[in-house]
Amino acid sequence: MSSDHNRELRSRSWFNDPANPGMTAIYLERYLNYGITIEELQSGKPIIGIAQSGSDLSPCNRHHLELAKRVRDGIIASGGIPLEFPVHPIQETGKRPGAALDRNLAYLGLVELLYGYPIDGVVLTIGCDKTTPSQLMAAATVNIPAIALSVGPMLNGWHDGQRTGSGTIVWKAREQLATGDIDYDEFLELVASSTNSVGFCNTMGTASTMNSLAEALGMELPGGAAIPAPYRQRAQMSYQTGARIVDLVRDDVKPSDILTRDAFLNAIAVNTAIGGSTNAPIHLQAIARHMGVDLSLSDWQTHGHDLPLLVNLQPAGEYLGEDFYRAGGVPAVVNQLMDAGAIRDDAMTVSGRTIGQNCRGAVIEQPEVIRPYRDPLMHSAGFVVMTGNIFDAAIMKTSVIDDEFRRRYLQQPGDPDAFEGTAIVFDGPEDYHARIETEPGVDARSILFMRGAGPIGYPGAAEVVNMQPPAALLQAGIGALPCIGDGRQSGTSGSPSILNASPEAAAGGNLAVLRTGDRVRVDLRKARVDMLVDDEEIAARRTKLDSAGGYRGPASQTPWQQLHRDSVGQMDAGMVMEDATGYQRIAQT
Ligand code: FES
Ligand code: MG
């Protein structure tokens, strides 16, 4: 960080390069065609990109089209010149075969834009699940001054006087439809009730999680994550964010000054306290790898597991986004964690102050929504990082294990943290849907396995590991079976699944040789999942599979799916394009 306000900006090498007047003329000429003047472009004012992620195709982020007007006002008021441009749109629930495939595509696209155009600093317009990590990953790679602006959550959903939360209500309504409690029209009405305004999912799904973690990382102004999208405070935050990025350029504060290992450990701590999504480890790992920061899945166990759950939001709890904002948002959570010594309070943020300075004294306004550290919703609520003979690494979100699940599978005499069951194995979501109602032998002691759903098998990794039991079991009152797989799970789902198994079946993982009918033991205390099949038998199955060409997923349907498969790494390593990781801090002036 330096405060050399006379430092030459990188945009100058496009628009005012005395050594290359011919190229300067060419660069200048076309930007004049909608009315910018040569004087402005040569004024030495910072040129600020607004990376626009909103569009009609990405409704969760669409309100950024409005907010960008206030961002522009802030940039201009602070002495900068705004240049708004689109980034590849991502919509979590609408994109086939899955939006996660597009995280790395949007990343690559934004890297190209930030590197190749005359941009001195950038406002990242974050929101829907993958739109946040993709933009932070790109800002890390290019390493020009950057600040994130959340679009904010939707207003609370309501139905019959009850809060209905995005995504979470779908999982519940599906169960009611399957058991015949509601018909399809009521199902649609119930689902639509969760969507009351512009903004992203109002539950603590992946969107609220990643926006909160962007703030915990120091990349948003304090309080920036939780303000609901339609509130006037959201537009005011947009103005302040626009004003602030100009200062960050003048002071040359880059992502590498903010995204330190301490910042990532703070984000891990906050993730536990908010009951954050199981997608967060993948995305934080990806940002860290592109920033060149040392982070691993074991950091989640070491720095996240023993912390408590403080935020009472669906799916782990009761409330929604508006409540989280009124209760104090991320600063109130950080302040509680800070009092307990769980925050590295010297970590610098885009506000120009440390996270400690930003959040110290932030009070909890509604203790039923944000609980104090000494009276949490749950102790040791972080992820358990599991291993065993089926995969090297997978995670389990313990904060969503409910009492029924605990009674049925854990708390057995003599074996309180472990259970055994019979594997029912599915090859991808299509296979699950085709077979779940007719598969023989599925009962309360079954463990459902999903494979072929990882970064390579189902390019981008499908959110399909949380599998609903067959209707007959639901009607018998078995609301959930243990689920394990090499795919992901929606952050809005409350299922206690074991997810993100790495390596996946399609990358040589032993999930590929597991068979329906195998006995499997899950031990939460030892953090292991093992198939009770002896080593010689596993080796024999492996030899047979490999000689038949190995585990294959479906063929690629688009060029990008194939390029992704050819370069993508496993989820424990962030599911990044491995070929991209050799390019770091690439911005030049
Ligand atoms: Fe976009 Fe949830 S689907 S935020
Ligand atoms: Mg999701």
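Taking the numbered list (1) touching a residue at least 40 places away in the same chain (Cβ under 8 Å); (2) surrounded by fewer than 20 Cβ atoms within 10 Å (Cβ to Cβ) in turn, residue 60 passes all entries but (2). How about the range 51-77: which of its residues are within 21 Å of the chain's Cα centre (by Cα) and among the hydrophobic types (A, V, I, L, M, F, W, C)? 51, 57, 60, listed by residue number. For the range 112-133, taking the residues that are in contact (Cβ under 8 Å) with a residue 40 or more places away in the chain and surrounded by fewer than 24 Cβ atoms within 10 Å (Cβ to Cβ), the one that is nearest to residue 199 (Cα to Cα) is identified as 113.
Touching a strand residue (DSSP E or B) at 6+ places or on another chain (Cβ under 9 Å), on the phi < 0 side of the Ramachandran plot and among the polar types (S, T, N, Q): is that true of residue 567 in this structure? Walk me through it before giving the result.
Values: touching a strand residue (DSSP E or B) at 6+ places or on another chain (Cβ under 9 Å): yes; on the phi < 0 side of the Ramachandran plot: yes; among the polar types (S, T, N, Q): yes.
Yes, satisfied.
When restricted to residues that are more than 19 Å from residue 92 (Cβ to Cβ) and under 19 Å from the mean Cα position of the chain (by Cα), the range 185-220 contains 6.
Sort out which residues of the range 498-514 are part of a loop (DSSP other than H, G, I, E, B), touching a strand residue (DSSP E or B) at 6+ places or on another chain (Cβ under 8 Å) and of a type in the set (Gly, Ala, Ser), and write them in order of number. It would help to see each step written out before you state the result.
Step one: of the range 498-514, the residues part of a loop (DSSP other than H, G, I, E, B) are 503-504, 508-509, 514.
Still in the running and touching a strand residue (DSSP E or B) at 6+ places or on another chain (Cβ under 8 Å): 504, 509, 514.
Hit for the range 498-514 is 509, nothing else.
When residue 36 is tested against (1) under 29 Å from the mean Cα position of the chain (by Cα); (2) hydrophobic (A, V, I, L, M, F, W, C); (3) part of a loop (DSSP other than H, G, I, E, B), only condition (1) is not met. Residues in the range 415-449 that are at positive phi and either crowded, with 16+ Cβ neighbours inside 10 Å or assigned to a strand (DSSP E or B) (or both): 428 alone.
Look at the range 548-567: where a residue is more than 18 Å from residue 431 (Cβ to Cβ) and a partner is of a type in the set (Val, Ile, Thr) and crowded, with 16+ Cβ neighbours inside 10 Å, sitting 6+ places away or on another chain with Cβ atoms under 7 Å, you get 565/456.
Can you name the residue in the range 189-203 that is in contact with a helix residue (DSSP H, G or I) (Cβ under 6 Å, 6 or more places away or on another chain) and within 16 Å of ligand 1 (Cβ to nearest atom) and is also farthest from residue 344 (Cα to Cα) among such residues?
We begin by selecting, within the range 189-203, every residue in contact with a helix residue (DSSP H, G or I) (Cβ under 6 Å, 6 or more places away or on another chain); these are 190-191, 194, 200-203.
Filter once more, so that each one left must be within 16 Å of ligand 1 (Cβ to nearest atom): 191, 194, 200-203.
Details: 191: 40, 194: 36, 200: 29, 201: 29, 202: 28, 203: 27 Å.
Looking at the filtered set, the residue picked out is 191.
When every residue of the range 461-477 is checked against the conditions, none turns out to be out of contact with any helix residue (DSSP H, G or I) (no Cβ under 6 Å at 6 or more places or on another chain), in contact (Cβ under 8 Å) with a residue 60 or more places away in the chain, more than 30 Å from residue 550 (Cα to Cα) and among the charged types (D, E, K, R).
Take residue 518 and decide whether it is more than 16 Å from residue 394 (Cβ to Cβ) and among the charged types (D, E, K, R). Yes; evaluated as a whole, the condition is true for this residue. Restricting the search to helices (runs of 4 or more DSSP H) fully inside the range 277-333 and requiring at least 1 residues that are over 21 Å from residue 380 (Cβ atoms) and not hydrophobic (A, V, I, L, M, F, W, C) gives 280-291, 321-327. Applying the selection to the range 371-387, what residues are over 12 Å from residue 305 (Cα atoms) and surrounded by fewer than 22 Cβ atoms within 10 Å (Cβ to Cβ)? 372, 373, 374, 375, 376, 377, 387, listed by residue number. The residue of the range 159-212 that is nearest to residue 273 (Cα to Cα), among those that are within 16 Å of ligand 2 (Cβ to nearest atom), in a loop (DSSP other than H, G, I, E, B) and among the β-branched types (Val, Ile, Thr), is 203.
Going through 349, 354 one at a time, which residue ends up being in contact with a strand residue (DSSP E or B) (Cβ under 7 Å, 6 or more places away or on another chain), among the hydroxyl-bearing types (Ser, Thr, Tyr) and at pLDDT 95 or above?
Values: 349 fails: in contact with a strand residue (DSSP E or B) (Cβ under 7 Å, 6 or more places away or on another chain).
Just a single option satisfies the conditions, and that option is 354.
Filter the range 366-414 for residues that are of a type in the set (S, T, N, Q) and in a loop (DSSP other than H, G, I, E, B); which is nearest to residue 300 (Cα to Cα)? Checked the range 366-414; the qualifying residue nearest to residue 300 (Cα to Cα) is 380. Listed by first and then second residue, the pairs with beta-carbon distance under 8 Å, at least 6 apart or on different chains, first residue in the range 181-195 and closer than 15 Å to residue 158 by Cβ, second in a loop (DSSP other than H, G, I, E, B) and not aliphatic (A, V, I, L, M), are 194/165; 194/166; 194/167; 194/202; 195/166. So for the range 574-582 (the condition being closer than 30 Å to residue 8 by Cα and surrounded by 12 or more Cβ atoms within 10 Å (Cβ to Cβ)), does at least one residue qualify? The answer is yes, given that some residue of the range 574-582 is closer than 30 Å to residue 8 by Cα and surrounded by 12 or more Cβ atoms within 10 Å (Cβ to Cβ).
Based on this model, can you work out whether residue 206 counts as of a type outside the set (A, V, I, L, M, F, W, C), crowded, with 24+ Cβ neighbours inside 10 Å and within 30 Å of residue 470 (Cβ to Cβ)? Considered against the rule, which asks whether it is of a type outside the set (A, V, I, L, M, F, W, C), crowded, with 24+ Cβ neighbours inside 10 Å and within 30 Å of residue 470 (Cβ to Cβ), residue 206 comes out as yes.
Given the residues 485, 517, 491, which is the only one that is closer than 18 Å to residue 429 by Cβ and in contact with a strand residue (DSSP E or B) (Cβ under 7 Å, 6 or more places away or on another chain)?
Details: 517 fails: closer than 18 Å to residue 429 by Cβ; 491 fails: in contact with a strand residue (DSSP E or B) (Cβ under 7 Å, 6 or more places away or on another chain).
485 is the lone residue from the list that is closer than 18 Å to residue 429 by Cβ and in contact with a strand residue (DSSP E or B) (Cβ under 7 Å, 6 or more places away or on another chain).
Consider only pairs whose beta carbons are under 8 Å apart and that are at least six residues apart or on different chains; among these, list those whose first residue lies in the range 230-250 and is under 19 Å from residue 144 (Cα atoms) and whose second residue is modelled with pLDDT under 95. Note: pairs meeting the criteria are 250/3; 250/5. Residues that are within 16 Å of ligand 1 (Cβ to nearest atom) and among the polar types (S, T, N, Q) do occur in the range 210-230.
Can you find a residue in the range 113-132 that is assigned to a helix (DSSP H, G or I), modelled with pLDDT of 95 or more and of a type in the set (Phe, Trp, Tyr)? Give the steps one after another, and end with the answer.
In the first step, residues of the range 113-132 are kept if they are assigned to a helix (DSSP H, G or I); the result is 113-116, 131-132.
If we keep only those that are modelled with pLDDT of 95 or more as well, we get 113-116, 131-132.
Then keep just the ones that are of a type in the set (Phe, Trp, Tyr); that gives 115.
Yes, there is a match, as at least one residue in the range 113-132 is assigned to a helix (DSSP H, G or I), modelled with pLDDT of 95 or more and of a type in the set (Phe, Trp, Tyr).
Kindly indicate whether residue 495 is in contact with a helix residue (DSSP H, G or I) (Cβ under 8 Å, 6 or more places away or on another chain), of a type in the set (S, T, N, Q), part of a loop (DSSP other than H, G, I, E, B) and within 16 Å of ligand 1 (Cβ to nearest atom). Considered against the rule, which asks whether it is in contact with a helix residue (DSSP H, G or I) (Cβ under 8 Å, 6 or more places away or on another chain), of a type in the set (S, T, N, Q), part of a loop (DSSP other than H, G, I, E, B) and within 16 Å of ligand 1 (Cβ to nearest atom), residue 495 comes out as no.
Within the range 91-130, the set of residues being over 17 Å from residue 576 (Cα atoms), within 16 Å of ligand 2 (Cβ to nearest atom) and among the hydrophobic types (A, V, I, L, M, F, W, C) comprises 126, 128.
Limited to the range 44-68, what total is found for residues that are assigned to a strand (DSSP E or B) and away from ligand 1 (no atom under 14 Å from the Cβ)?
First, pick out the residues of the range 44-68 that are assigned to a strand (DSSP E or B): 47-52, 55, 58.
Within this subset, residues satisfying the condition of being away from ligand 1 (no atom under 14 Å from the Cβ) are 47-52.
Selection size over the range 44-68: 6.
The values are calculated or read from the model by the stated rules, or taken from the named source; none is laboratory data. Please read these numbers as outputs of a predicted model, since none were measured by experiment. All Cβ positions, glycine included, derive from the backbone under ideal geometry; neighbour counts span all protein chains shown.
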